[in-house]
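Below you'll find the structure, written out as structure tokens, and then a few comments.
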Amino acid sequence: VQCLVVRGCHVRVFPWSAKASELLAWNPDGIMLSNGPGDPAAMPEVVQEVRVLASSGVPMFGICLGHQVLALSQDLKTEKMFNGHRGVNHPVKNLLTGKCEITSQNHGFVVSRESLEANAEVKETHVHLNDNTVAGIQLKGRPVFSVQYHPEASAGPHDSRYLFDQFVDIMIHAQDAVPQ
């Protein structure tokens, strides 16, 4: 919330159980899918609501569990890791820019690389450099993206805070595209 507020966003927080229709009735400029604990496959109702949100045309940004739920909503699979990613020193490469980031991570599930490679509608945007796991995705032709790590982490690292700027820019340009 703080990372969006400092960028001039008016933020409303909905509970995890909110329906897509409730969020869309608020007429948001964008939707953030936040982080949280647990197995994303244990939340099929949430996955269905995110599927509706992802097809709504509203810009969306998912973090950690939000990333995994978004992936499931696009018929990707998630897998439990033998050893999860925990800590503030995980190297990730942004495949769109070629730049590497040091990230904060705390998760025990990842998006299945095999299911990603079999899905022509989803593009990999970030890769974890230690184990080649999927660290970010983007839905092709839609203003929807997510990352497996925590760009909002405080006290750091802050290498990935640019993702909030990217999300705000996507929301601004999505508004420009709407006929008045």
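The values are calculated or read from the model by the stated rules, or taken from the named source; none is laboratory data. Quick caveat, the model's predicted, so the values are computed rather than measured. Cβ placement follows ideal geometry from the backbone for every residue including glycine, while neighbour counts extend to all protein chains displayed. The area values use the complete protein model at the heavy-atom level, side chains included, leaving out ligands, DNA and RNA. Shrake-Rupley method; radii C 1.70, N 1.55, O 1.52, S 1.80 Å.
Confirm whether Ala135 is exposed (fewer than 13 other Cβ atoms within 10 Å of the Cβ), free of Cβ contacts under 8 Å to residues at least 60 places away in the same chain and of a type in the set (Gly, Ala, Ser).
no
How many residues does the range 143-165 contain that are without any contact (Cβ under 8 Å) to a residue 12 or more places away in the chain and not small (Gly, Ala, Ser)?
Qualifying residue count for the region: 2.
Would you be able to tell me the number of residues in the range 80-113 that are more than 19 Å from Leu33 (Cβ to Cβ) and either of a type outside the set (A, V, I, L, M) or within 15 Å of the chain's Cα centre (by Cα) (or both)?
Count: 17.
Applying the selection to the range 141-180, what residues are farther than 20 Å from Val1 by Cβ, among the hydrophobic types (A, V, I, L, M, F, W, C) and in a loop (DSSP other than H, G, I, E, B)?
Scanning the range 141-180 gives Ala177, Val178.
Can you pull out the residues in the range 22-37 that are touching a helix residue (DSSP H, G or I) at 6+ places or on another chain (Cβ under 8 Å), crowded, with 18+ Cβ neighbours inside 10 Å and under 13 Å from Arg12 (Cβ atoms)?
The answer is Leu23, Gly30, Ile31, Met32.
What's the number of the condition Gly62 fails, among (1) farther than 20 Å from Trp16 by Cβ; (2) open to solvent by less than 60 Å² (accessible area, probe 1.4 Å); (3) assigned to a strand (DSSP E or B)?
(1)
Specify the residue that is least open to solvent (accessible area, probe 1.4 Å); the eligible residues are those in the range 79-94 that are within 12 Å of Asp131 (Cα to Cα) and without any contact (Cβ under 8 Å) to a residue 24 or more places away in the chain.
Checked the range 79-94; the qualifying residue least open to solvent (accessible area, probe 1.4 Å) is Asn83.
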